[in-house]
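Below you'll find the structure, written out as structure tokens, and then a few comments.
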Amino acid sequence: MDQAVLASVPEIFARRVGPARSLATEAERVARACHAMATRFHRGGRLIVFGNGEAATDAQHISVEFVHPVIVGKRALPSFSLTSDVATITGIAAETDFGDVFAHQLRHLGAPVDIALGVSPYGNCVNVLRALETARELGLLTIALVGGDGGEIARSPAVDHVLIAPTGDPRVAKEVHVTTYHILWELVHVFFEQPGVLDPQVVA
């Protein structure tokens, strides 16, 4: 194998170590987000997911994980992605602006009991932030998966739970996000499997 290629291998792996370890150290923060999500589902809420570009496919992936669990016997939970309808997205963008494509849908599709989950590898997607702000105004639980230092999204008071993949490399951020949302899915189901945990009187 080419020596230059061999020399780059350790660096490629090293770039992923810190962000992955960071996720492990944020276990309590992730668990709190999962408990809040499970509580909303328990009350009849739905998960509404959105993101741009590669994060749009993450939004669709997250949605299908909840609606159609790959593990037999796990409960299907209501979820949909705001990135799936090209006609709606382009129609809204043409009539208003692209920054409103998710917020507009939330105004008409979201309910206070629902969960809004935005994905942004850099943390500065205007339409993701605007959607999370709109979701907060409507009473939805708001969660963000972001990269870098979290950007404007992490600093927004409109976000209830911020989960950051601390890396400037969007590829690594995406890898950490994939692991994170699989953990979200799994822990939400763990809460459902514990009798009484989601009853109103024990919800913090």
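Taking the charge dipole of the range 36-193 about its Cα centre, with +1 at Lys and Arg Cβ atoms and -1 at Asp and Glu Cβ atoms, the residue from Thr134, Gly53, Pro166 reaching farthest to the positive side is Thr134.
Count Lys and Arg as plus one, Asp and Glu as minus one, and take only other residues whose Cβ is under 15 Å from that of Gly147; the net charge is then -2. Average accessible surface for the range 10-133: 48 Å² per residue, computed with a 1.4 Å probe over protein heavy atoms with every protein chain in place.
When +1 charges are put on Lys and Arg Cβ atoms and -1 charges on Asp and Glu Cβ atoms, the dipole computed for the range 126-166 relative to its Cα centre reaches about 40 debye. What residue among Gly118, Gly150, Gly53 shows peak mean-square fluctuation when the chain is described by a Gaussian network model with Cα springs under 10 Å? In the Gaussian network model the winner is Gly53. What a 1.4 Å probe finds exposed on the chain is 60% carbon and sulfur by accessible area, rounded to a whole percent.
Placing Phe191, Phe41 in order of accessible area, with the largest value first and a 1.4 Å probe, yields Phe191, Phe41.
Projecting the Cα atoms of His108, Trp185, Thr39 onto the charge dipole of the chain, computed from C-beta unit charges around the Cα centre, puts Thr39 farthest toward the positive end.
Let me have the relative contact order for the range 36-193, percent, based on Cα pairs under 8 Å that are six or more residues apart.
22
With the convex hull of the Cα atoms taken as the outline of the range 33-100, the averaged projected area works out to 5.6 nm². Around the Cα centre of the range 36-193, unit charges on the Cβ atoms of Lys, Arg, Asp and Glu (plus for the first two, minus for the last two) sum to a dipole of about 420 debye. Please work out the Cα center distance from the range 116-144 to the range 1-71, rounded to the nearest Å. Their Cα centres are 16 Å away from one another. This structure gives Rg and Dmax of the Cα atoms in Å, computed directly, and of [x] 17.5, 60; [y] 17.5, 63; [z] 18.6, 61 that value is listed as [y].
Once whole DSSP H runs in the chain are found, which of them have Cα atoms spread over 15 Å or more along the helix axis and a mean Kyte-Doolittle score of at least -0.5?
On the way: long enough: 3-25 (35 Å, 0.44); 27-42 (22 Å, -0.23); 54-67 (20 Å, 0.17); 126-138 (18 Å, 0.25); 170-192 (33 Å, 0.45).
Membrane-span-like by this rule: 3-25, 27-42, 54-67, 126-138, 170-192.
Just to be sure I understand the curve: with the Debye formula and one point per C-alpha of the range 101-204, what is log10 I(q)/I(0) at q = 0.14 Å⁻¹? Those come out to -0.59, one per q.
The values are calculated or read from the model by the stated rules, or taken from the named source; none is laboratory data. Please read these numbers as outputs of a predicted model, since none were measured by experiment. Note that we place each Cβ from the backbone using ideal geometry, even for glycine, and neighbour counts take in every protein chain shown. In case anyone asks, the SASA skips ligands and DNA or RNA and just uses the protein heavy atoms, side chains included. Shrake-Rupley method; radii C 1.70, N 1.55, O 1.52, S 1.80 Å.
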